[in-house]
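The values are calculated or read from the model by the stated rules, or taken from the named source; none is laboratory data. Since this is a predicted model, take the numbers as computed values, not measurements. Here Cβ is always computed from backbone atoms with ideal geometry, including for glycine, and neighbour counts include all displayed protein chains. All accessible areas refer to the heavy atoms of the entire protein, side chains included, with ligands and DNA or RNA removed. Shrake-Rupley method; radii C 1.70, N 1.55, O 1.52, S 1.80 Å.
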Amino acid sequence: MDLRSEKIQRILSKYKFHDVAVEELQKIYRIYPEMMPSTGTYTFSDNTQKDLLKLIGNVSVNYGGRSYNIPIQLWLMDSFPFTPPICLLRPTSNMVIREGKHVDKEGRLHLPGLHNWDYPKSTVVGLLTEMISKFEEDPPLSSKTTVDKKDPHELLAFVSNLQINDGGRTHDQQNIKVSVIGGGDLGMSSVMSILSKCKVDKLVFIDVAESSTKGGSTDLEMFSLPKVEVSKDLSASAGSRVVVVTANSWSSEQSYASVVQNNVDMYRGIIPTVAQLSPNAVMLIASQPVDIMSHVAWRQSCLPPTHVIGAGCNLDSERLSHILDINLNTHKPAWVIGELSDNKVAVMSKTGHSSNVQPAIAAGSSSTKPLLDRAFEMMKNRGQRSWSVGLSIADITNSILTNKMKTHSVSTLAQGWGGIGAEVFLSLPCIMGTNGSMRLAGVSLGQEEDSKLRESVTSLSNLISQLRI
């Protein structure tokens, strides 16, 4: 694949995982040489724009004993290949889009492989394989001359028949190690909760000197808890499956941005080192503000976004589900999403707790809103106490260690979800397992909820732009 043009080089240089992205592009070219790279400005549904790389081409597929072609384009986000491409049909003037289960009226593709994207298991080559299967069942385009007859033989279709099976990372079942970095009440409550909830071989507690939340390490040393190692050296965290970061560096600075910058500066001395020592770990952030600090940790660690999450709205989500289940007799999971602030909103699952179907978020409706509002009201005055957050952290950690595939509302890279174009971290429902997080597909929210989410995106983007990460 020729990536030498000045335009392509300029835009590709801004990609966060440049070398990995180039390697993936070359893999695509080897299998689909007709997919040509180009550049363009993509406009997200919130009207923000970004200069991105895209792949344009035609690929053939067999249907009814005949071979057809369909033109498509794949927009590659600047965090590619760790976030999925935006896939669109490119119908010519004599074609019409056949709206269906996997194609909307605008020609955007909504495939399970996109919704469940988890690099390196997920690749563009594998995505094209899935497209073949889906489009051979239900062709996405038809000729204008036969649109009334809906004759799928008069179509151009996309994709090849290659089978790709990228294996996920495997983990040694021995030596399950978790590290907690940062002392004080939250650090201690996280340690005690993880010991109670999770089956670990070693739990390392590191009380970093730069953190303003200190304490607890001396007590742990004195009482010699089984499986707990106390250290002041980050190297003790090497080989961890999960790294929990609770450290905060508060100061008397007057501006909020200056206070957060102190945390960012402290992270610079922690996160890159920890990521190098445990490159396969899932990093779980509990420092405040959690959405910003999760974003910072992802940038500084160079880990894939599936492996850097924040505790976010998980505690509120568990409380909401409990109230709906016990007090309001609604036996469906619910999640609190968005920024951990007054702008957070509630969403409900389509399916019940006992369903074997993969969970999915129900679209906002007038029937569920009063119920969620009532549950939200009942949650008021339940603070984010250290022991409560510690229990929440332990629950997320347990889902990762045991590959439980439970859905938690954690702070994650929200770019591309629900039309969000900005690079921000927000709490979204994610299936958590050994390989980190996997976002549930975005849905249409109510006007009030969508407005709150967009407001958070704007405020978080403004704050992150002021920080020296």
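Name the one entry in Ser294, Ser349 that is open to solvent by less than 10 Å² (accessible area, probe 1.4 Å) and out of contact with any Pro (no Cβ under 7 Å at 6 or more places or on another chain).
Ser294
Quick one: how many residues across the stretch 432-462 are in contact with a helix residue (DSSP H, G or I) (Cβ under 9 Å, 6 or more places away or on another chain), in a helix (DSSP H, G or I) and open to solvent by 40 Å² or more (accessible area, probe 1.4 Å)?
2
Hey, any hits in the stretch 80-91 for a residue that's at pLDDT below 80 and open to solvent by 20 Å² or more (accessible area, probe 1.4 Å)?
no
Would you confirm, using the coordinates I've provided, whether Val230 is of a type in the set (Val, Ile, Thr), modelled with pLDDT of 80 or more and open to solvent by 30 Å² or more (accessible area, probe 1.4 Å)?
Yes.
Filter the stretch 105-120 down to the residues that are among the acidic types (Asp, Glu) and closer than 27 Å to Thr306 by Cα and list them by number.
Result: Asp118, single match.
Between a residue in the stretch 230-247 that is free of Cβ contacts under 8 Å to residues at least 40 places away in the same chain and any residue that is buried (at least 21 other Cβ atoms within 10 Å of the Cβ) and of a type in the set (A, V, I, L, M, F, W, C), which pairs come within a Cβ distance under 7 Å, given they are 6 or more apart or on different chains?
Val230/Phe205; Ser231/Val204; Ser231/Ile206; Lys232/Ile206
Quick one: is Asn58 over 28 Å from Glu423 (Cα atoms) and either aromatic (Phe, Trp, Tyr) or touching an Asp or Glu at 6+ places or on another chain (Cβ under 8 Å) (or both)?
For Asn58, the condition - over 28 Å from Glu423 (Cα atoms) and either aromatic (Phe, Trp, Tyr) or touching an Asp or Glu at 6+ places or on another chain (Cβ under 8 Å) (or both) - is met.
Within the stretch 405-431, which residues are over 16 Å from Asp291 (Cα atoms) and either part of a loop (DSSP other than H, G, I, E, B) or aliphatic (A, V, I, L, M) (or both)?
Those that are over 16 Å from Asp291 (Cα atoms) and either part of a loop (DSSP other than H, G, I, E, B) or aliphatic (A, V, I, L, M) (or both): Met405, Gly416, Gly421, Ile431.
Do we find a residue being aromatic (Phe, Trp, Tyr) and in a loop (DSSP other than H, G, I, E, B) anywhere in the stretch 231-250?
Yes: the stretch 231-250 contains one or more residues that are aromatic (Phe, Trp, Tyr) and in a loop (DSSP other than H, G, I, E, B).
For the stretch 23-33, does any single residue satisfy the condition of being more than 25 Å from Ile132 (Cβ to Cβ), touching a residue at least 24 places away in the same chain (Cβ under 8 Å) and open to solvent by 20 Å² or more (accessible area, probe 1.4 Å)?
no
What is the residue count in the stretch 403-416 for residues that are at negative phi and buried (at least 19 other Cβ atoms within 10 Å of the Cβ)?
Adding up the residues that qualify gives 9.
Considering only the stretch 257-265, I want to know if a residue exists there that is open to solvent by 10 Å² or more (accessible area, probe 1.4 Å), in contact with a Phe, Trp or Tyr (Cβ under 8 Å, 6 or more places away or on another chain), of a type in the set (S, T, N, Q) and part of a helix (DSSP H, G or I).
Scanning the stretch 257-265 turns up at least one residue that is open to solvent by 10 Å² or more (accessible area, probe 1.4 Å), in contact with a Phe, Trp or Tyr (Cβ under 8 Å, 6 or more places away or on another chain), of a type in the set (S, T, N, Q) and part of a helix (DSSP H, G or I).
Keeping to the stretch 120-144, report how many residues are under 29 Å from Val20 (Cβ atoms) and open to solvent by less than 30 Å² (accessible area, probe 1.4 Å).
11
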